[in-house]
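Only one structure is covered here, and it is reproduced in the block below.
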Amino acid sequence: MSELASGPLVLPPLAQGTITVPPIDYAAIAPLLIVLGAACVAVLVEAFLPRHQRWPAQVALSIVALGGAGLALGLYAGSGPDAVTTLTESLAIDRPTLFLWGTLLALGLAGLLLIADRSVEPGGAILASAASRAAVGGGTSDLTEPPEDRSYGTPGLAPTMQTEVFPFTLFALGGMMTFVAANDLLTMFIALEVLSLPLYLMCGLARRRRLLSQEAAVKYFLLGAFASAFFLYGLALIYGYAGSVRFPEIAEAAVGSVRSDALLLGGLALLVVGLMFKGSVGPFHTWTPDVYQGAPTPVTAFMAACTKVAAFGAILRVLHVAFGDLRWEWRGVLWAIAIASMAIGAVIGLTQTDIKRMIAYSSVAHAGFLLLGAIAVTEQGVSSTLFYLLAYGFTTVAVFGVISLVRDADGEATHLSQWAGLAKRSPVVAGVMTFLLLALAGIPLTSGFTAKFAVFSAALDDGMAPLVVIALVASAIAAFFYVRVIVLMYFSEPAADGPTVSVPGAFTTAAITLGVIVTLLLGIVPTLALNWAGGGGFLG
C-alpha cells in the first residue's frame, strides 16, 4: 500500500509484437462495405431529413449504393485473385462468392425498384405507419393512418409510404452477402440474424390486408427464431467436436479426429434444419405460403428471390467446404429431403386457389430441384446450382411484379378466379405472365429449362439417376398448375366486375422488363453465365 501511495501507478510498456493487426483486404470486401455503409447512412437520412425529402433521398441512395457495389465487384472480379480470406479468415472471397454477390446485387436492385414504386398502389405498397390499426375481418383496406401521415401536410396527395423500408432492405441485403461469404459458423450465424430481422419487420408492413400481413410477420419471426436456435445449437455441437467453428478446420477434424462422430453428425443435422428453413425446403417450409401471401408483394419478390440465393449459397459452402468428406453420411438424408420438398411443392401446389400461395409452393418444389445440384459435391454441381439461383431469382421477381398489377377495389386480385379472361383485358400482361410461368415450368427457350437441364445433368454425372427421375416427374406435376393459370387467362371469360390491370410506373416496368430479358437471354444464350458460375470452386 505504501508503494501505491507514494506515487502514480506506472504500467510497463507493451512488449514489441504482442499486438498484431489482422490484415484486411478492403478491395475484396468493398461491395459488402458499400452496402452496409449505405444502410447506416439511410438510417441517418431517416433521422435528420424532413419527411417530404426522405423518399427521393432513400431511393437515390439505395440505387447508387447498389450500383457502386456492383462496380466495385466488377473491378475486383476482373483484376483480383481467384480466392482470398480476410477479416481473420472469417470471410472467404472466392469465385462462387463473387457470383453470388453479383446475383444478390442485381436481384436486390430489381426488388428495390418494386418496393420504391408508388404508382401501382397510390402511396406505395408499404404501410405509411407501422402502428396503424388493422381493418376488421382481415383488413382488405387501411384508412386509419393519422391525417398528417396520409399527405405529409400536402393536400390532395395519396398516402405516402414510410421510407424505413429502404435501410431494412439494405441491411437484409448486406446480411445475405455476408451469409454466402462466411468462412466460419459464427459469422454465418450473425449474418443469418442480420438478414432475417429486417425481413420479419418488412413482412408486416403491407398497406392492404393488414391482419394478414401482421400474422405473416409473426409466423415468420417465431419460426425463424426456432430455426436460428437449431442452427446455434448445431454450431455448439460442432465446436465441441472440432474445437473450432471455421470450415477448413471442421473439415480437417472430420477426417482426422478419433472422437465419436455423434457430436459431429448431430451438429450437422441441426445446421441443416436451420439452413433448409431459410431456403424454403420442404418439410421445413411451413412459413413460406403464409408469408408469401401476407407480405407486401414487392417485399415478397425481394425475399423470394434473394433469400433463396443466400440460403443455397450458404448450404453449398457448408456442405462442400466443411462436410464434403462426409458426403456419404449426409447424402441419403438430403436425398429424402429433396424428394419431400419436390413432392410437397408439386402436389400441394395443385390445390392452391391464391396465386401468391401457388408461387410459394412452386418455390418449395424448386428448392428440391436446387438440392440436386447441392448434393452433387462436384464443380459441375456448384456451377449448375449457382446458375439455377440466378435464373430462378429474376423470373420470380418478374412474376411478383406482374402479380402486383392485377387489382380490384380492395387491392391486389390474387384469387385464381379473378385472373379469368385476363388476356382479353390486357394481352401484354397476360403474355408476359405466360412466358414467366413457362420459365418456372422449365419449357425450352427459357432460363428455367437451361437451369433444370444443368442441375439434372450434374446429378446424373454424380450417380443420382433415381433422384433425377423423381425430379422429372415432380416437374411434370408442377407444370399443371402453371398451365392452369395460362388456361384461365386465355380460355375463360372475364367477369363483368373483374379486376383491372394497373399501368405500371417506371420502377415496376424496369423490374419486370429486367426479369423478362434475363429469363429470355439465359434460355437462349446461357454460355456466359454458365462460364462465370463455373469459374472456380469454393476456397477451402
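The values are calculated or read from the model by the stated rules, or taken from the named source; none is laboratory data. Remember, it's a predicted structure, so these values are computed and weren't measured experimentally. We place every Cβ from the backbone using ideal geometry, glycine too, and count neighbours over all the protein chains shown.
Data overview
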item: Matching residues, segment 509-530, being under 18 Å from residue 455 (Cβ atoms), surrounded by 15 or more Cβ atoms within 10 Å (Cβ to Cβ) and of a type in the set (S, T, N, Q); result: 519
item: Residue that is closer than 20 Å to residue 398 by Cβ and either in contact (Cβ under 8 Å) with a residue 40 or more places away in the chain or in a helix (DSSP H, G or I) (or both), where the choices are 432, 455; result: 432
item: Single match in 249, 215 (criterion: at pLDDT 90 or above, among the acidic types (Asp, Glu) and over 29 Å from residue 103 (Cα atoms)); result: 215
item: Complete set of residues in segment 246-280 that are in contact (Cβ under 8 Å) with a residue 60 or more places away in the chain, crowded, with 17+ Cβ neighbours inside 10 Å, of a type outside the set (Phe, Trp, Tyr) and over 21 Å from residue 215 (Cα atoms); result: 246, 248, 250, 251, 254, 264, 265, 268, 271, 272, 274, 276
item: Filter pass, residue 220 being surrounded by fewer than 21 Cβ atoms within 10 Å (Cβ to Cβ) and either closer than 29 Å to residue 259 by Cα or of a type in the set (Phe, Trp, Tyr) (or both); result: no
item: Looking only at segment 299-358, and only at residues there that are of a type in the set (Gly, Ala, Ser) and under 30 Å from residue 83 (Cα atoms), the one that is surrounded by the most Cβ atoms within 10 Å (Cβ to Cβ); result: 305
item: Of the criteria (1) touching a strand residue (DSSP E or B) at 6+ places or on another chain (Cβ under 7 Å); (2) crowded, with 19+ Cβ neighbours inside 10 Å, which one residue 425 fails; result: (2)
item: Single condition residue 189 does not satisfy, out of (1) over 18 Å from the mean Cα position of the chain (by Cα); (2) hydrophobic (A, V, I, L, M, F, W, C); (3) modelled with pLDDT of 85 or more; result: (1)
item: Residues satisfying the stated conditions in segment 67-85, i.e. hydrophobic (A, V, I, L, M, F, W, C) and free of Cβ contacts under 8 Å to residues at least 60 places away in the same chain; result: 69, 71, 72, 73, 75, 77
item: Condition met for residue 193 (over 30 Å from residue 88 (Cβ atoms) and either assigned to a loop (DSSP other than H, G, I, E, B) or of a type in the set (Asp, Glu) (or both)); result: no
item: Lone unmet requirement of (1) touching a residue at least 40 places away in the same chain (Cβ under 8 Å); (2) within 24 Å of residue 97 (Cβ to Cβ); (3) surrounded by fewer than 19 Cβ atoms within 10 Å (Cβ to Cβ) for residue 502; result: (2)
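Quick grid of which residues meet (1) β-branched (Val, Ile, Thr); (2) in contact with a Lys or Arg (Cβ under 8 Å, 6 or more places away or on another chain); (3) closer than 27 Å to residue 516 by Cα; (4) modelled with pLDDT of 95 or more:
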position: 40; (1), (2), (3), (4): no, no, no, yes
position: 80; (1), (2), (3), (4): no, no, no, no
position: 87; (1), (2), (3), (4): no, no, no, no
position: 96; (1), (2), (3), (4): no, yes, yes, no
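For (1) at pLDDT below 95; (2) within 24 Å of the chain's Cα centre (by Cα); (3) of a type in the set (Ser, Thr, Tyr), each residue gets a yes or a no:
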| residue | (1), (2), (3) |
| --- | --- |
| 138 | yes, no, no |
| 144 | yes, no, yes |
| 159 | yes, no, no |
| 178 | no, yes, yes |
| 184 | yes, yes, no |
| 220 | yes, yes, yes |
| 239 | yes, no, yes |
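Residues are listed down the side, and each one gets a yes or a no for (1) closer than 24 Å to residue 114 by Cβ; (2) small (Gly, Ala, Ser); (3) at pLDDT 90 or above; (4) not in a helix (DSSP H, G or I):
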residue: 477; (1), (2), (3), (4): no, no, yes, no
residue: 480; (1), (2), (3), (4): no, no, yes, no
residue: 483; (1), (2), (3), (4): no, no, yes, no
residue: 486; (1), (2), (3), (4): yes, no, yes, no
residue: 489; (1), (2), (3), (4): yes, no, yes, no
residue: 495; (1), (2), (3), (4): no, yes, no, yes
residue: 504; (1), (2), (3), (4): yes, no, no, yes
residue: 509; (1), (2), (3), (4): yes, no, yes, no
residue: 514; (1), (2), (3), (4): yes, no, yes, no
